[in-house]
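Asker: To start, I am sharing the structure in question, which I have written as structure tokens.
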Amino acid sequence: GLLTRLETVLEEAGLSGALLKRIEGPVVSHHAFKIAAAECPNACSQPQIKDFGLIYESLPGRGGGVCANCDLCVQECREAALAITETGPVLDYVKCVRCGACAAVCPTAALVTEKAGYSVLIGGRLGRRPKFGARVLEMGDEEAVVKALRAVVRVYLQKGTGNERFGALIDRLGLEYLKTEIAAQLSGK
């Protein structure tokens, strides 16, 4: 459902038509505004290098259950971000990639999902000056993602020029400008 909603935002904004009118010369692949969504940190769809990328994340935390010292969470964690102590599981949030696998296998709810949602990255690209997208939203719900895309597309249509790619627009305007526009859209202003 979310991808359909994102497609609707692009269609309602008339992004493809506007870009076709503004691009000088032949239209090539890198002129397209690219979106990718990933349901886990493996990010096989490569959201980090798209104009607008989403990664679904699940932040684990201590639950109310008593740890059975079964070690399932440690075995499941591919990042070695967990250790079992006499008081139960201890998370290393620096190593954690927010996959949620540890909480999913915990039989006693000593580990649970504290928060889950989509993180949004913008301005990623390959090419001559490759760059990973910048994180502008942390674990938002679907509505926040849709609002973020609306803000991004509005700025791209209003401020973009000629063959300028979205990542170049961010470089020109500054990431903080885009973050402010997204925050305003999220707050309803």
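The values are calculated or read from the model by the stated rules, or taken from the named source; none is laboratory data. Worth saying up front: this structure is predicted, and the values here are computed from it rather than measured. FYI the Cβ positions are ideal-geometry reconstructions off the backbone, even for glycines, and counts take in every protein chain you see. For the accessible areas, the whole protein counts, side chains as well, though only heavy atoms, and no ligand, DNA or RNA atoms are used. Shrake-Rupley method; radii C 1.70, N 1.55, O 1.52, S 1.80 Å.
Asker: Test each condition in (1) modelled with pLDDT of 95 or more; (2) open to solvent by less than 70 Å² (accessible area, probe 1.4 Å) for Gln185 and report the one that comes out false.
Answerer: (1)
Asker: Of the residues that sit in the range 130-152 and are open to solvent by 70 Å² or more (accessible area, probe 1.4 Å) and of a type outside the set (Asp, Glu), which one is nearest to Ile182 (Cα to Cα)?
Answerer: Arg150
Asker: Please find, within the range 1-54, the residue that is modelled with the lowest pLDDT out of those that are among the β-branched types (Val, Ile, Thr) and over 17 Å from Gly167 (Cα atoms).
Answerer: The initial filter retains those residues of the range 1-54 that are among the β-branched types (Val, Ile, Thr), namely 4, 8-9, 23, 27-28, 35, 49.
Keeping just the survivors that are over 17 Å from Gly167 (Cα atoms) gives 4, 8-9, 27.
On the way: Thr4: 94, Thr8: 95, Val9: 96, Val27: 77.
This residue is Val27.
Asker: Within the range 8-42, how many residues are basic (Lys, Arg) and part of a loop (DSSP other than H, G, I, E, B)?
Answerer: Of the range 8-42, the ones basic (Lys, Arg) are 21-22, 34.
Next, only the ones that are part of a loop (DSSP other than H, G, I, E, B) stay: 34.
The total comes to 1.
Asker: Can I ask one more? Going through the range 17-53 one residue at a time, which ones are of a type in the set (Ser, Thr, Tyr) and loosely packed, with under 12 Cβ neighbours inside 10 Å?
Answerer: To start, the set of residues in the range 17-53 that are of a type in the set (Ser, Thr, Tyr) comprises 29, 45.
The answer is Ser29, and nothing else.
Asker: List every residue pair whose Cβ atoms sit under 6 Å apart, with the two residues 6 or more apart in sequence or on different chains, where the first one lies in the range 171-189 and is free of Cβ contacts under 8 Å to residues at least 40 places away in the same chain and the second, anywhere, is assigned to a helix (DSSP H, G or I).
Answerer: Glu181/Ala151; Glu181/Val155; Gln185/Lys147; Gln185/Arg150; Gln185/Ala151
Asker: Regarding the range 67-89, can at least one residue be identified that is in contact with a Cys (Cβ under 9 Å, 6 or more places away or on another chain), under 27 Å from Ala151 (Cβ atoms), open to solvent by 30 Å² or more (accessible area, probe 1.4 Å) and modelled with pLDDT of 95 or more?
Answerer: No, that holds for no residue.
Asker: For residues that are modelled with pLDDT of 95 or more and open to solvent by less than 40 Å² (accessible area, probe 1.4 Å), scanning just the range 153-165, find the one that is farthest from Ala32 (Cα to Cα).
Answerer: Val155
Asker: Now for a separate question. Considering only the range 5-13, I want to know if a residue exists there that is out of contact with any strand residue (DSSP E or B) (no Cβ under 6 Å at 6 or more places or on another chain), without any contact (Cβ under 8 Å) to a residue 60 or more places away in the chain and hydrophobic (A, V, I, L, M, F, W, C).
Answerer: Within the range 5-13, not a single residue is out of contact with any strand residue (DSSP E or B) (no Cβ under 6 Å at 6 or more places or on another chain), without any contact (Cβ under 8 Å) to a residue 60 or more places away in the chain and hydrophobic (A, V, I, L, M, F, W, C).
Asker: Of everything in the range 107-129, what is over 21 Å from the mean Cα position of the chain (by Cα), at pLDDT 95 or above and open to solvent by 30 Å² or more (accessible area, probe 1.4 Å)? Give them in sequence order.
Answerer: Pro107, Thr108, Ala109, Val112
Asker: Continuing with this model, one more query. Name every residue in the range 169-180 that is open to solvent by 40 Å² or more (accessible area, probe 1.4 Å) and either acidic (Asp, Glu) or within 22 Å of Leu19 (Cβ to Cβ) (or both), in order of residue number. Don't jump to the end; show me each part of the working.
Answerer: Quick first cut of the range 169-180, residues open to solvent by 40 Å² or more (accessible area, probe 1.4 Å) only: 171-173, 175-177, 179-180.
Result: Asp171, Arg172, Leu173, Leu175, Glu176, Tyr177.
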